[in-house]
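Asks: I have a structure I would like to understand better, so I am pasting it below and will then ask my questions one at a time.
The values are calculated or read from the model by the stated rules, or taken from the named source; none is laboratory data. Being a predicted model, the structure only gives us computed values, none of them experimental. Backbone-built Cβ (ideal geometry, glycine too); neighbour counts: all protein chains shown.
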Amino acid sequence: MDDAVRELARNAGIANDWTDAAGRPQRVSIEALRNVLRALGFPAATEADVAQSRERLRELTGKARNFFTATAGKTVPLSGINGTTGELVLESGTTIPIKLRQSRGTTVMPPVSEPGYHRLRVADREITLAIAPPRCITVEDIAPKEKLFGLGVQLYALRRPGDWGIGNTAALRDFTASAAREGAEAIALSPMHSMFAADPSHYGPYSPSSRLFLNPLYADPATVFGEQRVAGTASSADNDSGELIDWPNAARAKYALLRRLFDDFEANELQQTANALASDFQAFMRDGGERLREHALFEALHRHWFHHDEPKWSWSDWPAEWRSPNAPAAAAFAIQEPREIQYHMFLQWLAARSFAAVQQTARDAGMRIGLISDLAVGMSAGGSHAWSRQQDLLLGLSIGAPPDLLAARGQDWGLTGFSPQALVASGFEPFLATLRSALRNAGGVRIDHAMGLARLWLVPQGGSPADGAYLAYPIDDMLRLIALESHRHRAIVIGEDLGTVEPEFRRRLSAAGIAGMDVLWFTRKGQTFLAPEKWRRDAVAMTTTHDLPTVAGWWQGADITTRNAIGLAPDEPTERKQRTKDRAALWRAFRKAGVGTKDAPVPDNAEPAVDAAVAFTAQSPAPLALIPIEDVLGLADQPNVPGTVDEHPNWRRRLAQPASEVLNSPEAKHRLKSLRERAQ
């Protein structure tokens, strides 16, 4: 029986065995396999269950595919296709006769040299062929033999007068123009995905409602309506925030403004038949199609139930007749409340036009990359995508990580992700829609937890992370689609490959033109920090990330103090002793690279260490260095402390100076100079 369960799991793409962070082989328990199989829809509690699940899996995998990927210039295997002749209709409209042949039991088509989404007609079938370039657009393609730099920034942290307490795209435009004047070629952002308008206390950017849409709180309505009209609509309650964002209060003020603007827009433009703004909005709604309408309907329904007499946050707790777009009560609500649904589409319109304006600002200022968006690894199971497209996702499973040196019990991130079988069956439509959304107004994308392209550690609901298992994903298809979309958008791709990552996976990313991430804290061998010239040429170079200490915070030991205060540093004395050794090792590396003076500064004097770290990272052979604004400014606090929710002010810190002036300090100018020098 156990052997049958393991065979079923293997055939369903679940790994029976894995290697932990210490390099030790591990085997998933039978009970854990049964739990994951059950969540995937393949119960295995009894022999009868296993037999039925085996048959169902055989039927699913044997279904005829109508979507295949291949690399330009290479033969195209077409499993399950019968026939000897056909015709290929290229995306350009050209029709080419095709001869098919058999090779090792599989139908094979001759190579296609032109990348694109083409149609193959064989007998009475029409198949989509996604023919991809060999690799993504890279920084080298954009700037051959040059070494560029960009800045990373948390959008909400940017400050601009009259921003209603949350950094928005108006401030981002100011910052982008300022960064371009300093020589920056890119601005990297954390995810801008749609959250929950009804509940702005849910603001962690890596737990979105939907990755297909944007967070309206970042929109600059003046992009569409002009400063004067927005100012005339604003109330006296719309004001700036202090050092920390009060998300609920700031969001209420911003949404109140946006609601007034919608009322005004409806009264003055939407009633007209030949109005440019109304026409643009109507075109946006048409282009958004069913996905946009469903997202707007969810937002309206979420507000209805969240503010109900008996509040229900997750749609899975709503009555059954509300739990999908086509459910009777939800469909009736859509008919009864068209204006509320249109309001949420209006919010998406403002957000989309706002981000497009920022990317245009970047291009106009001469940036060769511009915005780099961030694609979160998953989404909330209580959100818009999960409600509207349940068939896309693994709703009974949560994405996480197995037990390792950093988390002895493993991690459960509380996110759901795509079903591999659903991706194949749908022609990867959900994945493509998500990828295109991330690239729509950007010159690049960072893929969070890029290992998810190959496998994800999935935890059954209610289970422990230690009881999860790895599920395989169709990485070949996904890498080809990323390459194809990268070329169509002329955008670079960065894969977050930190932590325990198999060398073969990094080689695959490199071959696909996806840049890895070299972060200062991890570019070391044992106790020795690697010299900059030893860093990878196929990665972006970084001092730190939003989840890690800033250079000033690390040098001072502020991160240890913070984690100790909230119970995440159980052995503070040992950590501080190790930090003393690490500081000495890092300064030795700085001195060898010529960026550090003879003596290391004391822990409380972090400024020289920040200067040296930025200059050190700038010496990397990587074609792109991305430096977080916190290190450009020498700030001690990191944006996010992993493993905390309310214990620490994550995703709330604002920069002290206005976005247009934040790079003007002598310290910032000095560090930007060392970044500019990498191009010389």
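Asks: Report the residue count in the range 436-447 for those that are crowded, with 24+ Cβ neighbours inside 10 Å and assigned to a helix (DSSP H, G or I).
Replies: 1
Asks: For ALA407, only one of the following conditions fails: (1) among the small types (Gly, Ala, Ser); (2) crowded, with 19+ Cβ neighbours inside 10 Å; (3) in a loop (DSSP other than H, G, I, E, B); (4) in contact with a strand residue (DSSP E or B) (Cβ under 8 Å, 6 or more places away or on another chain). What is its number?
Replies: (2)
Asks: Of ALA622, ALA612, which residue is over 28 Å from VAL645 (Cα atoms) and touching a Gly at 6+ places or on another chain (Cβ under 7 Å)?
Replies: Exactly one residue qualifies, and that residue is ALA612.
Asks: GLU31 versus (1) out of contact with any strand residue (DSSP E or B) (no Cβ under 9 Å at 6 or more places or on another chain); (2) within 29 Å of PRO503 (Cα to Cα): which is the lone unmet condition?
Replies: (2)
Asks: A further question on this structure: From (1) in contact with a helix residue (DSSP H, G or I) (Cβ under 7 Å, 6 or more places away or on another chain); (2) outside the structural domain of GLN282 (by TED's automatic domain parsing); (3) buried (at least 22 other Cβ atoms within 10 Å of the Cβ); (4) more than 30 Å from GLN271 (Cα to Cα), pick out the condition that doesn't hold for TRP315.
Replies: Every condition holds for TRP315 apart from (2).
Asks: Now for a different question. Which ones in the range 140-174 are more than 21 Å from ASN650 (Cβ to Cβ) and of a type in the set (A, V, I, L, M, F, W, C)?
Replies: If the condition is that a residue be more than 21 Å from ASN650 (Cβ to Cβ) and of a type in the set (A, V, I, L, M, F, W, C), then ILE142, ALA143, LEU148, PHE149, ALA170 are the ones that fit.
Asks: Would you tally the residues in the range 534-550 being part of a loop (DSSP other than H, G, I, E, B) and of a type in the set (A, V, I, L, M, F, W, C)?
Replies: The total comes to 2.
Asks: Still on this structure: Any idea which of (1) exposed (fewer than 15 other Cβ atoms within 10 Å of the Cβ); (2) in contact (Cβ under 8 Å) with a residue 12 or more places away in the chain; (3) of a type in the set (A, V, I, L, M) is the one LEU57 doesn't satisfy?
Replies: Going through the list (1) exposed (fewer than 15 other Cβ atoms within 10 Å of the Cβ); (2) in contact (Cβ under 8 Å) with a residue 12 or more places away in the chain; (3) of a type in the set (A, V, I, L, M), LEU57 breaks only (1).
Asks: Quick one: which residue in GLY23, GLY83 is surrounded by 13 or more Cβ atoms within 10 Å (Cβ to Cβ) and either aromatic (Phe, Trp, Tyr) or not in a strand (DSSP E or B) (or both)?
Replies: Details: GLY23 fails: surrounded by 13 or more Cβ atoms within 10 Å (Cβ to Cβ).
Only one candidate passes the filter, namely GLY83.
Asks: A follow-up question, please. If a residue has to be touching an Asp or Glu at 6+ places or on another chain (Cβ under 8 Å) and within 11 Å of ILE482 (Cα to Cα) to count, how many in the range 426-470 make the cut?
Replies: Number of matching residues: 6.
Asks: Do we have ALA45 as surrounded by fewer than 20 Cβ atoms within 10 Å (Cβ to Cβ), without any contact (Cβ under 8 Å) to a residue 24 or more places away in the chain and more than 22 Å from ILE475 (Cα to Cα) here?
Replies: Taking the combined requirement at face value, the residue satisfies it.
Asks: Sort through TRP315, TRP247 and tell me the only one that's touching a Pro at 6+ places or on another chain (Cβ under 7 Å) and hydrophobic (A, V, I, L, M, F, W, C).
Replies: Exactly one residue qualifies, and that residue is TRP247.
Asks: Go through (1) at pLDDT below 95; (2) in contact with a Phe, Trp or Tyr (Cβ under 8 Å, 6 or more places away or on another chain) one by one and return the number of the condition GLY396 breaks.
Replies: Result: GLY396 passes all but (2).
Asks: For the range 287-312, enumerate the residues that are exposed (fewer than 14 other Cβ atoms within 10 Å of the Cβ) and more than 21 Å from PRO430 (Cβ to Cβ).
Replies: Listed by number, the residues that qualify are HIS307, HIS308, ASP309, GLU310, PRO311.
Asks: Please state which one of GLU630, GLU575 is of a type in the set (D, E, K, R) and crowded, with 20+ Cβ neighbours inside 10 Å.
Replies: GLU630
Asks: Then there's this: Read through the list (1) over 22 Å from GLY204 (Cα atoms); (2) part of a loop (DSSP other than H, G, I, E, B); (3) modelled with pLDDT of 95 or more, then give the number of the only condition that ALA362 fails.
Replies: With respect to (1) over 22 Å from GLY204 (Cα atoms); (2) part of a loop (DSSP other than H, G, I, E, B); (3) modelled with pLDDT of 95 or more, ALA362 is out only on (2).
Asks: Please go through the range 551-579 and give me each residue that is at pLDDT below 95 and in a loop (DSSP other than H, G, I, E, B), ordered by number.
Replies: Result: ILE566, GLY567, LEU568, ALA569, PRO570, ASP571.
Asks: A further question follows. Every residue in the range 62-74 that is modelled with pLDDT under 95 and either surrounded by 13 or more Cβ atoms within 10 Å (Cβ to Cβ) or on the phi > 0 side of the Ramachandran plot (or both), please.
Replies: Result: ARG65, ASN66.
Asks: Okay, moving on. Based on this model, can you work out whether ALA231 counts as within 30 Å of TRP651 (Cβ to Cβ) and either at pLDDT 95 or above or among the aliphatic types (A, V, I, L, M) (or both)?
Replies: yes
Asks: State whether one or more residues within the range 587-599 are aliphatic (A, V, I, L, M), surrounded by fewer than 19 Cβ atoms within 10 Å (Cβ to Cβ) and farther than 16 Å from GLN527 by Cα.
Replies: Yes.
Asks: For the range 484-504, what are the residues that are modelled with pLDDT of 95 or more and either assigned to a helix (DSSP H, G or I) or of a type in the set (A, V, I, L, M) (or both)?
Replies: Listed by number, the residues that qualify are LEU484, GLU485, SER486, HIS487, ARG488, HIS489, ALA491, ILE492, VAL493, ILE494.
Asks: Would you confirm whether any residue within the range 531-553 is surrounded by fewer than 16 Cβ atoms within 10 Å (Cβ to Cβ), touching a residue at least 24 places away in the same chain (Cβ under 8 Å) and of a type in the set (A, V, I, L, M)?
Replies: Within the range 531-553, one or more residues are surrounded by fewer than 16 Cβ atoms within 10 Å (Cβ to Cβ), touching a residue at least 24 places away in the same chain (Cβ under 8 Å) and of a type in the set (A, V, I, L, M).
Asks: In the range 663-680, is there at least one residue being part of a helix (DSSP H, G or I), at pLDDT below 95 and of a type in the set (A, V, I, L, M)?
Replies: yes
Asks: Outside any loop (DSSP other than H, G, I, E, B) and more than 29 Å from PRO248 (Cα to Cα): which single residue out of ALA589, ALA600, ALA622 fits that description?
Replies: That would be ALA589, the only listed residue that is outside any loop (DSSP other than H, G, I, E, B) and more than 29 Å from PRO248 (Cα to Cα).
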